[in-house]
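> Sharing a structure here in C-alpha cells format.
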Amino acid sequence: MLDEYKKCIEACYLCATACDNCAASCLDEENLEMMRECIKLDMQCANICRLAAQFMTLNSGSAQDLCRLCADVCQKCGDECGKHEHDHCQDCSSACHHCAEQCRKMAA
C-alpha cells in the first residue's frame, strides 16, 4: 500500500463501518420514514468508500477520480446524518465529513 494513500484508505474504511452501523441502527428507530434518506445514503456511502479504498490499494489510475466521487457522496451522507440527533447518526456524520476531506486531498 502506498503511503500517500494510507490516511485516505483508513478514513474510507472507518467511514464505511460507521455508515454500516448507522444504517443498521436507523432501522431500529421508531420513525423509520424519517430515517429513509439517511439509510439510503449510508448504504451508498459505505459501498463507494470500500471501492475507493480498494482502488487506492491497487494503485489504480482511476483512484483519484473515484476519490473525487467518494468525497461528494461522503459529504451528502454526512450532511444528512448530521440532521439527526441519534448518536449513531452524529458519529457517522463525523466519519463521513472526515473521509470527504481525506478523499478531496487524495484527489487534488
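A short reminder: the numbers here are calculations on the coordinates, not readings from a lab. The shown structure was predicted, so the numbers you read here are calculated from the model rather than taken from an experiment.
> For a quick check, take a GNM of the chain with Cα springs below 10 Å and name the residue from ARG50, ARG36, ARG68 with the largest mean-square fluctuation.
Among ARG50, ARG36, ARG68, the largest mean-square fluctuation in the Gaussian network model of the chain belongs to ARG36.
> Also, I was wondering about something else. Less than 22 Å apart at the alpha-carbon level, and either on another chain or at least 8 residues along: which lysines does that give for LYS83?
Counting by Cα, and skipping residues close in sequence, LYS83 has these lysines nearby: LYS40.
> For the range 41-108, what is Rg from Cα atoms divided by 2.2 N^0.38 Å, rounded to two decimals?
1.08
> Can you pull a Stokes-Einstein diffusion coefficient for the range 34-77 at 4 °C (1.567 mPa s), Rh from Kirkwood over Cα pairs, as a whole number of µm²/s?
Value of D from the Cα-based Kirkwood radius: 121 µm²/s.
> Same structure, new question: Let me check against my output: what whole-number percent is the relative contact order of the chain, with C-alpha pairs under 8 Å and at least 6 apart?
Details: 149 pairs, mean separation 37.7, N = 108.
About 35 percent, as a whole number.
> Sticking with this one: Using a Gaussian network for the chain with springs between C-alpha atoms less than 10 Å apart, which of these wobbles most: ASP91, ASP28, ASP65?
Between ASP91, ASP28, ASP65, it is ASP28 that shows the largest mean-square fluctuation.
> Further, regarding this structure: Could you tell me the distance between the Cα centroids of the range 57-82 and the range 10-49, to the nearest Å?
The range 57-82 and the range 10-49 have Cα centres separated by 15 Å.
> For the chain, modelled as a GNM with alpha-carbon contacts under 10 angstrom, which of ASP87, ASP42, ASP72 fluctuates the most?
ASP87
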